[in-house]
Structures are given as structure tokens and as C-alpha cells.
Amino acid sequence: MKSRILLVGFPRSGTTFSRSIFLNHPEVGQFLFEKWILNKCKTVGQVEKKYPFFKNQEKACGGKVIYAKKVIGKIHRSKQTIVDYCKKWNTFFEDQSKIVQIVRHPYDSLNSLVLSKKRTPRGPVFESVKEQYLTYIPDYTLQIAALPNVFTYKYEELVLNHEETLKKILEHCNLDTNYKYSKQVKTEKALNHQRNKQLLFKYDSRLEDAIEKFNTLPGMKYTLPRF
């Protein structure tokens, strides 16, 4: 039985980059983009009817969702959070369930979000997204990391130590670890918070609390530039 993979992360944290890695793996069939499939289906049978490729046991499949969908932490207008969605994924797919969570330095994520909002201003304004980020995301990240079948990795590790980190991700998802990602990995974006100390949004001391929580995760330790 092949894995049913859920990729989660904050906007501008590397979820699209990670999704492209899965999409190009020969053992992966379909990998949905921002489809909250479990909100539309109450059973695995309904999932397989709506998305027939989930029936294929010869191919892994899944999809990515970001923490922000209209309101971060809230899926549409329900009280369900991204943590609840991950738990539901485990319940639906049981032994096939594999959840991967990507984390990025909040300074870089939020700076990147400011720039993306200038290019594509649709959706929630930056300040509301930042507020939700600093209020919910660090705790959600730790709660998801503690769930069964979850592997949490940092964007910076994926870029700077690409082969080693990719192997860990693939091992977690029961995919062939000999796979080599064919596209160029842009290492120059990995540590923007160390190279560029220009903050594109109003400094908020809760950034320090967020980084402190992210640093309880294994791997690279984050620092906060002083302004």
C-alpha cells in the first residue's frame, strides 16, 4: 500500500517547493493543490469516489494545504483548525497516512508574504495574516509535530542540506530515497534573515516567542535579527 501524504505549512514557507518535489517523484501519482478534501468527504469511500486516484494502491498521492485559508487556523467558517485536519487525515488513512510539515524562519516567511501581497493583493490583508500567524501558528506547529505519522522539517535545512533532508522526507513517506530532484535548488534564499536586516513589516515582540517555540523542534536553530 502506498502512502497518502498530507503536506502542511505556513504561506511562503516552502510548501509549493515541497509539493513540486513530490509531484516529480516517480512513485507519486497525483498531489492536489489547496484542496481540503476531507471537508467535502465523510468517508474514505467518498474520497475515492471524488478523487479516483486515491484508489490506486500502486501510487502514492495526497495534497498540500496551507495554514491560511481565508483565516489562518480556521478552515472556511468552521471552528476546525489545521491540527484537527491533520488528526482527521490520520483517522481516514490510518497506516497509509503520512504527514509532512514544513517550517520557515518567521522573519523570512512574513517578509516574503509582504512582497507577495504587493504582487497579488487579493485575499486577507497582510496585517490580519500576521496577527493570525503570531497568535496561532507556533502552537499549531508544535501540536502537529507531536501527532503520529508526522515528520517536521525546516525550509532552510531542505535548501542547505538538500540531499540529506530529502532522504529523510522520502523515508518517512515510504518513497524511493534514490530519487533526485531535477530542478535547481535556490540556496541563496535560505537565510535571508541573516543577510538582509530590513524588516518589511512593523516589528512585533511575539516574533521572539514564535522563534523560541520553533527552536524546540530538531534541526537548525533560528535567531532573530535585532532592529
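Please go through (1) in a helix (DSSP H, G or I); (2) surrounded by 18 or more Cβ atoms within 10 Å (Cβ to Cβ); (3) under 13 Å from the mean Cα position of the chain (by Cα) for S112 and return the number of the only condition it doesn't satisfy. It fails just one condition, (3). Taking the criterion of being assigned to a helix (DSSP H, G or I) and at pLDDT 95 or above, the residues of the range 55-87 that qualify are C86, K87. The C-beta contact set for the range 160-179 (first residue without any contact (Cβ under 8 Å) to a residue 40 or more places away in the chain and on the phi < 0 side of the Ramachandran plot, second residue of a type outside the set (A, V, I, L, M, F, W, C) and in a loop (DSSP other than H, G, I, E, B), distance under 7 angstrom, 6+ apart or interchain) comprises K167/T177; E171/T177.
Among the candidates L7, L32, which residue alone is at pLDDT 90 or above, buried (at least 21 other Cβ atoms within 10 Å of the Cβ) and outside any helix (DSSP H, G or I)?
L7
Considering (1) part of a helix (DSSP H, G or I); (2) without any contact (Cβ under 8 Å) to a residue 60 or more places away in the chain; (3) not aliphatic (A, V, I, L, M), the lone condition that S18 does not fulfil carries the number (2).
Here L38 clears all of (1) without any contact (Cβ under 8 Å) to a residue 40 or more places away in the chain; (2) not in a strand (DSSP E or B) except the condition numbered (1).
Residue-by-condition table, conditions (1) assigned to a helix (DSSP H, G or I); (2) among the charged types (D, E, K, R); (3) farther than 16 Å from K202 by Cα:
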| position | (1), (2), (3) |
| --- | --- |
| K117 | yes, yes, no |
| S128 | yes, no, no |
| L142 | yes, no, yes |
| P148 | no, no, yes |
| I169 | yes, no, yes |
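Surrounded by fewer than 20 Cβ atoms within 10 Å (Cβ to Cβ) and either out of contact with any strand residue (DSSP E or B) (no Cβ under 6 Å at 6 or more places or on another chain) or at pLDDT 90 or above (or both): is that true of K118 in this structure? For K118, the condition - surrounded by fewer than 20 Cβ atoms within 10 Å (Cβ to Cβ) and either out of contact with any strand residue (DSSP E or B) (no Cβ under 6 Å at 6 or more places or on another chain) or at pLDDT 90 or above (or both) - is met. With respect to the stated conditions, T91 is touching a strand residue (DSSP E or B) at 6+ places or on another chain (Cβ under 9 Å) and at pLDDT 95 or above. Among the numbered conditions (1) in a helix (DSSP H, G or I); (2) under 23 Å from Q96 (Cα atoms), the only one that N178 does not meet is (1). Residues that are modelled with pLDDT of 90 or more and surrounded by 13 or more Cβ atoms within 10 Å (Cβ to Cβ) within the range 37-52 comprise I37, L38, C41, V44, Q46, V47, E48, Y51, listed in sequence order.
The values are calculated or read from the model by the stated rules, or taken from the named source; none is laboratory data. Remember, predicted model here, so these are calculated numbers, not experimental data. Positions of Cβ are generated from backbone atoms using ideal geometry, with glycine treated the same way; all protein chains shown enter the neighbour counts.
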